[in-house]
Amino acid sequence: MEIIISETYEQMSQVAARVVARTLNSKPNAVLGLATGSTPLGLYQELVRMHRAEGLDFSQVTTFNLDEYVGLREDHRQSYHYFMHENLFQHINIPRQNIHIPSGTTDNYEAFCRWYEERIKQCGGIDLQILGIGSDGHIAFNEPTSSLGSRTRIKTLAKQTIEDNARFFDSADEVPVYAITMGVGTIMEARKVVLLANKKSKAAAVAAAIEGPVTSMITASALQLHPNSMFLLDNEVASQLKMREYYEWIQAKMPDAP
Ligand code: PGA
């Protein structure tokens, strides 16, 4: 695991954008796994800037989003379809047919989930997966006790997640109870995984994910078993890491590493 601590959210977002840009420069037809939520907003802003100012090209890129609320139509302002269109897709040159987001309104979820998994494989697998983390340690909507081998499926959201996400809705009662989400097993098959986290409120979850035992109680801890994972953190969210000094020392030594 590579752990990179940035002073601010903006710097963390820029590091993340550079990782994405490096991937696209070496593989213009890369398959990206994308996340929603407030965390990757800075990353998406920076990618849009790089597209406009530096010509970062998305014309051959394929994307798969992690999750979607069940029951929200694509044009609902809190749907992840809406979020992705507003914050990224409408600002870059990605072909519409290359975008995949789980459907929150299909009439056959089981068949859709199977198709989603199959489609990822058909496209060659995910090269770079972007992740956030919940304050309960979840990745995508893989709530505590989700199997670490789980695949795309319907999940019941945890109370904590509903409370955390209520800020985007008029009230907690409006937050959907179910979501369709890639599984931990699906995420673990990505060739590279980059988890972004900021804010003090997630410091305990991040410390548990990086330094605690691998457990389905903190599904982000499964990344300890991933051969190519990166945690991009801001100063506040890194505050409970016991080995912080070591990570910063590695970071400082990195340019000279053999
Ligand atoms: P947030 O959500 O980026 O809005 O904090 C992250 C998550 O729940 O995975």
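Per-structure values
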| read-out | value |
| --- | --- |
| Pair list, Cβ under 6 Å, 6 or more apart: segment 161-182 residue within 14 Å of the ligand (Cβ to nearest atom), other residue acidic (Asp, Glu) | 179/67; 181/67 |
| Pair list, Cβ < 7 Å and 6+ apart or interchain, from segment 128-142 residues that are without any contact (Cβ under 8 Å) to a residue 60 or more places away in the chain to residues that are near the ligand (Cβ under 8 Å from one of its atoms) | none |
| Residue list for segment 148-182, filter: over 21 Å from residue 116 (Cβ atoms), open to solvent by 70 Å² or more (accessible area, probe 1.4 Å) and among the aromatic types (Phe, Trp, Tyr) | 168 |
| Residue among 208, 222 that is part of a helix (DSSP H, G or I) and open to solvent by less than 10 Å² (accessible area, probe 1.4 Å) | 222 |
| Residue list for segment 7-18, restricted to those being surrounded by 20 or more Cβ atoms within 10 Å (Cβ to Cβ) and of a type in the set (S, T, N, Q) | 13 |
| Residue among 42, 33 that alone is open to solvent by less than 30 Å² (accessible area, probe 1.4 Å), more than 15 Å from residue 126 (Cα to Cα) and in contact with a strand residue (DSSP E or B) (Cβ under 9 Å, 6 or more places away or on another chain) | 42 |
| Hits in segment 98-125 (condition: open to solvent by 10 Å² or more (accessible area, probe 1.4 Å) and either touching an Asp or Glu at 6+ places or on another chain (Cβ under 7 Å) or within 16 Å of the ligand (Cβ to nearest atom) (or both)) | 101, 103, 125 |
| Selection count where residues are assigned to a helix (DSSP H, G or I) and in contact with a Lys or Arg (Cβ under 9 Å, 6 or more places away or on another chain), scope segment 1-33 | 4 |
| Criterion: modelled with pLDDT of 95 or more, of a type in the set (A, V, I, L, M) and in contact with a His (Cβ under 9 Å, 6 or more places away or on another chain) - qualifying residue of 203, 190, 207 | 190 |
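Results for (1) of a type in the set (Val, Ile, Thr); (2) within 16 Å of the ligand (Cβ to nearest atom), shown as yes or no for each residue.
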| position | (1), (2) |
| --- | --- |
| 7 | no, no |
| 11 | no, no |
| 24 | no, no |
| 27 | no, no |
| 31 | yes, no |
| 66 | no, yes |
| 69 | no, yes |
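The values are calculated or read from the model by the stated rules, or taken from the named source; none is laboratory data. On a predicted model such as this, the values are computed, not experimentally measured, just so you know. Positions of Cβ are backbone-derived with ideal geometry, glycine not excepted, and every protein chain shown enters the neighbour counts. Note: accessible area is taken over every heavy atom of the protein model, side chains too, but ligands, DNA and RNA are not part of it. Shrake-Rupley method; radii C 1.70, N 1.55, O 1.52, S 1.80 Å.
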